[in-house]
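One structure below.
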């Protein structure tokens with residue numbers, strides 16, 4: 001294996017992923033496992049790094065490690081205070097947490113935050129993906145959608161992360177479907193196109209807490225079979241997200257894969273929004289490599 005110039009790590013609550021990255025920013029090798037923050041015993045984060053990346057570290061006694069995600073949260077390896085929007089790559093490097101494992105520099109990126117009169121918003125890891133997506137697509141202006149348990153909608157302006165909103169869509173869907181009276185009459189969770197479309201329209205047009213109740217009421221009144229409830233509720237929640245976005249002509253860069261990519265693409269098509277798929281892992285690596293260029297310019301080519 002070629003000698004890596006740095007190790008890039010995406011470390012979340014439930015998963016760990018690491019890449020050995022070359023001087024040219026290419027992935028030499030990758031490692032992953034279910035070693036999220038929740039599973040780290042006795043806060044021995046170094047042991048997880050060495051278990052997955054020990055051979056890379058041993059081959060180069062000063063090999064740096066660049067991490068992003070929940071590893072920098074309160075309760076993580078070391079808390080890295082959020083960088084306030086607007087956020088540029090230089091802000092991520094400037095606000096990063098720094099320490100060493102032996103002679104190996106370790107950097108934890110800070111995440112991003114919004115502070116408004118009505119409350120705050122935060123992200124960890126997605127800010128690197130967003131700025132990385134700008135590199136991959138060559139776009140300085142765009143709307144970014146990152147679906148998930150806590151979906152993120154962000155704005156790229158002049159190449160910076162200018163602002164964002166979080167929607168607890170994935171979490172609400174699971175709660176409604178598995179732990180509520182609204183989803184109690186659901187039968188299975190197969191995708192039903194017509195029901196999903198009706199949910200999109202209802203979620204976009206009505207207050208959310210009222211819109212979701214049709215998932216129960218429509219079954220009780222004979223207007224919808226239980227087999228459509230899951231798809232309908234998914235549509236309601238995603239429709240509410242889409243309706244909350246400003247109407248403009250900016251393309252939506254969709255960072256998703258699998259089922260979520262398919263559903264959000266269908267929703268964006270439904271509402272007439274132009275969208276482009278962007279590989280989320282590739283965006284993360286592009287962003288991490290760009291930060292590494294600022295941190296270790298002798299190791300990573302610009």
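Counting DSSP beta bridges in the stretch 1-158, what percent are antiparallel, to the nearest 5? Show your work: numbers first, answer last.
Working: 27 of 36 bridges.
Percentage antiparallel, nearest 5: 75.
D for the chain, whole µm²/s, Stokes-Einstein with Kirkwood Rh over alpha-carbon pairs at 25 °C and 0.890 mPa s: what number?
Working: Rh = 20.5 Å.
D, rounded to a whole number, is 120 µm²/s.
I need the calculated FRET efficiency for the pair residue 74 and residue 190, taking r as the beta carbon distance and R₀ as 51 Å, to the nearest 0.05. Could you put the intermediate results ahead of the total?
Numbers: r = 39 Å, r/R0 = 0.77.
Calculated transfer efficiency: 0.85.
Shown here: the stretch 222-302, whose C-alpha atoms stretch 68, 29, 16 Å along the first, second and third principal axes, sorted largest to smallest. Rg/Rh for the stretch 100-234 stands at 1.12; both radii use Cα atoms, and Rh follows the Kirkwood definition.
Beta bridges from DSSP with both residues in the chain: antiparallel share about 70 percent, rounded to the nearest 5.
Per DSSP helix of 4 or more residues, -39500 (n - 2.57); summed, then divided by the residues of the chain. What does that give at 222 nm, rounded to the nearest 500?
Numbers: 10 runs with 112 residues, N = 302.
Here the helix-only value at 222 nm equals -11500 deg cm²/dmol.
When the chain is treated as a GNM with alpha-carbon contacts under 10 Å, the residue of 285, 57, 175 showing the greatest mean-square fluctuation is 175.
Bear in mind these aren't lab numbers, they're just calculated from the coordinates by the rules spelled out. Just so we're clear, the structure is a prediction, and the values are computed from it rather than from any experiment. Don't worry about glycine lacking a Cβ; one is built from the backbone with ideal geometry, like all the others, and counts go over all protein chains shown.
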